[in-house]
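Data first, discussion second: the structure below is written as structure tokens.
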Amino acid sequence: MISEEEARRKILGNVGPLGERKVPLSSALGCFSARDISARLPLPAFDNSAMDGYAVVASSCKKGERLRVMGEQPAGLDRKLGISSGEAVRIFTGAPVPQGANAIVMQEDTICDGAEIVVNVDVGPGEFVRKRGCDLAVGQRILAKGERLRAATIALLASQGLADVSVGGEVNAAIISTGDELVKPGGELESGQIYESNSALLSALLLRSGATLKSVEHCRDDRESLIEAIKRGIKNHILIISGGVSVGEHDLVKAALHDLGAKIDIWRVAIKPGKPFLFGHVEKRGPSPQSSPSARERRTRSAGEGSVLGSKCLAFGLPGNPVSAFVTFLQFVRPAILKMMGATNLNLPQVPEKLGVDLTNDSDRAHYIRGKIEQGRFTPVGRQESHALFGLSQSNALLRLDAGQSLKADEIVDVQIWD
């Protein structure tokens, strides 16, 4: 059994980024930028109006002034209008400011009188004018390599006239659940059986992490069947096997992987829940349509990818208890996926919160407490046992307690969030 820190170090040491690919902006949400991107256009691109109203010369626009309206400038093509003192141009939000104007007076602060307006307020220079480049300057970095593309960053890229963006590689994954006691949801249960829920949990976590799920299989506790399922699964970048990684007679995953020539780097980690955790890599048994790179991807593949991602599948054996599978996925599988996708920040978001209760970890392993953040406080939720799926479903954060650590209510603690 090794420490959590050593396990993570070993896993990430086996992982490098996949080759970059170019995708349309519409498909880029949640991907990671493969390059630094700088602005090639200022925002706004020209001085424009922040309001519907009138473009004016501020020095001739005092309360009670009458101004002659010289024309109209809607949003769209610049009509190249100009004004001087005592004049105004009817203007609309987003429209280019006419030459000579240096302020906008809102329409509700004016009274229209034929071809003139009466101004009801004093107007200062620059009022309601969005100056060229005030939001973004040419050359300013708008996206860093390894940064996740969010909805707002995609909009920013579109504002630069970009139709597509270079992002990290697509990570393909397969799931195998194991156990004679498991029945697919919708089937009939017999005495001693339970519905299989881990593949649903892991599928959702994979998709949330940005991976592409290629296959989900359930395998009974039969070594030959498991070997055949693993052969199919290792055509992908990542294979996750749920259950069968402990030391019982029916825990067959480690032996099946050995039969396929896998190198097992980790078996058992000092965390709670999640001690029966396995990590290794398996040589792929030939090219797979879903994971073979295109010619372009081969040309752009990063030098850091190495042979592991090119010819091997990373195999993760997660405990069968759902909370253990959840915790080990977040702490070990998710960072590997993000690194393969080109991310630079591999950690779950952390926020400081006030602890709602006293907590002590009497275990010799670090313990991840499942809890809920509400009104600025973190409080454990439900039973803190590895099978307690309902409590997990009510939580939205994890608190890591070191072995032997005690915390008092009202202490400020850093908690990990995933939703």
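Miscellaneous remarks
- Within the range 172-183, the set of residues being closer than 18 Å to Leu213 by Cα and either in contact with a Phe, Trp or Tyr (Cβ under 8 Å, 6 or more places away or on another chain) or small (Gly, Ala, Ser) (or both) comprises Ala173, Ala174, Ser177.
- Qualifying residue in the range 157-166 (condition: under 22 Å from the mean Cα position of the chain (by Cα), over 19 Å from Phe329 (Cβ atoms) and β-branched (Val, Ile, Thr)): yes
- Spans of strands (runs of 3 or more DSSP E) in the range 29-95 with at least 1 residues open to solvent by 60 Å² or more (accessible area, probe 1.4 Å): 66-73
Yes or no, residue by residue, for (1) modelled with pLDDT of 95 or more; (2) buried (at least 23 other Cβ atoms within 10 Å of the Cβ); (3) among the charged types (D, E, K, R):
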{"residue": "Val247", "(1), (2), (3)": "no, no, no"}
{"residue": "Ala255", "(1), (2), (3)": "no, no, no"}
{"residue": "Pro276", "(1), (2), (3)": "no, yes, no"}
{"residue": "Lys284", "(1), (2), (3)": "no, no, yes"}
{"residue": "Ser288", "(1), (2), (3)": "no, no, no"}
{"residue": "Gly310", "(1), (2), (3)": "no, no, no"}
{"residue": "Leu314", "(1), (2), (3)": "yes, yes, no"}
{"residue": "Val323", "(1), (2), (3)": "yes, yes, no"}
{"residue": "Leu330", "(1), (2), (3)": "yes, no, no"}
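- Counting only residues that are of a type in the set (Gly, Ala, Ser), surrounded by fewer than 20 Cβ atoms within 10 Å (Cβ to Cβ) and part of a strand (DSSP E or B), the range 163-199 holds 1 of them.
- Pick from the range 261-273, criterion over 18 Å from Phe329 (Cα atoms) and surrounded by fewer than 17 Cβ atoms within 10 Å (Cβ to Cβ), ranking: nearest to the chain's Cα centre (by Cα): Lys263
- Only listed residue being buried (at least 19 other Cβ atoms within 10 Å of the Cβ), polar (S, T, N, Q) and in contact (Cβ under 8 Å) with a residue 12 or more places away in the chain, chosen from Ser406, Ser386, Ser363: Ser386
- A count restricted to the range 11-27 and to residues that are in contact (Cβ under 8 Å) with a residue 60 or more places away in the chain, closer than 30 Å to Trp267 by Cβ and not hydrophobic (A, V, I, L, M, F, W, C) stands at 3.
- Within the range 342-355, being farther than 30 Å from Leu18 by Cβ and either crowded, with 19+ Cβ neighbours inside 10 Å or basic (Lys, Arg) (or both) holds for Glu353, Lys354, Leu355.
- Figure legend. Inter-residue proximity from the range 119-143: first residues in a loop (DSSP other than H, G, I, E, B), second residues among the small types (Gly, Ala, Ser) and exposed (fewer than 12 other Cβ atoms within 10 Å of the Cβ), beta-carbon distance below 9 Å, spacing 6+ or different chains. Indicated pairs: Asn120/Gly64.
- Per the listing Thr344, Thr360, the residue uniquely of a type in the set (Val, Ile, Thr) and more than 30 Å from Ala173 (Cβ to Cβ) is Thr360.
- Whether a residue is open to solvent by 30 Å² or more (accessible area, probe 1.4 Å), touching a helix residue (DSSP H, G or I) at 6+ places or on another chain (Cβ under 6 Å), at pLDDT 95 or above and not polar (S, T, N, Q) was assessed, and Arg334 passes this test.
- Looking only at the range 200-237, and only at residues there that are buried (at least 19 other Cβ atoms within 10 Å of the Cβ) and of a type in the set (Val, Ile, Thr), the one that is farthest from Asp259 (Cα to Cα): Ile234
- Search result, residues across the range 144-154 that are outside any helix (DSSP H, G or I), surrounded by 14 or more Cβ atoms within 10 Å (Cβ to Cβ) and out of contact with any Phe, Trp or Tyr (no Cβ under 6 Å at 6 or more places or on another chain): Lys145, Glu147, Leu149
The values are calculated or read from the model by the stated rules, or taken from the named source; none is laboratory data. What you see is a predicted model, and the numbers here were worked out from it, not measured in a lab. When we count neighbours, we look across all protein chains shown, and the Cβ atoms used for this are built from the backbone with ideal geometry, even at glycine. Protein only, heavy atoms only, side chains kept; ligands, DNA and RNA dropped before computing areas. Shrake-Rupley method; radii C 1.70, N 1.55, O 1.52, S 1.80 Å.
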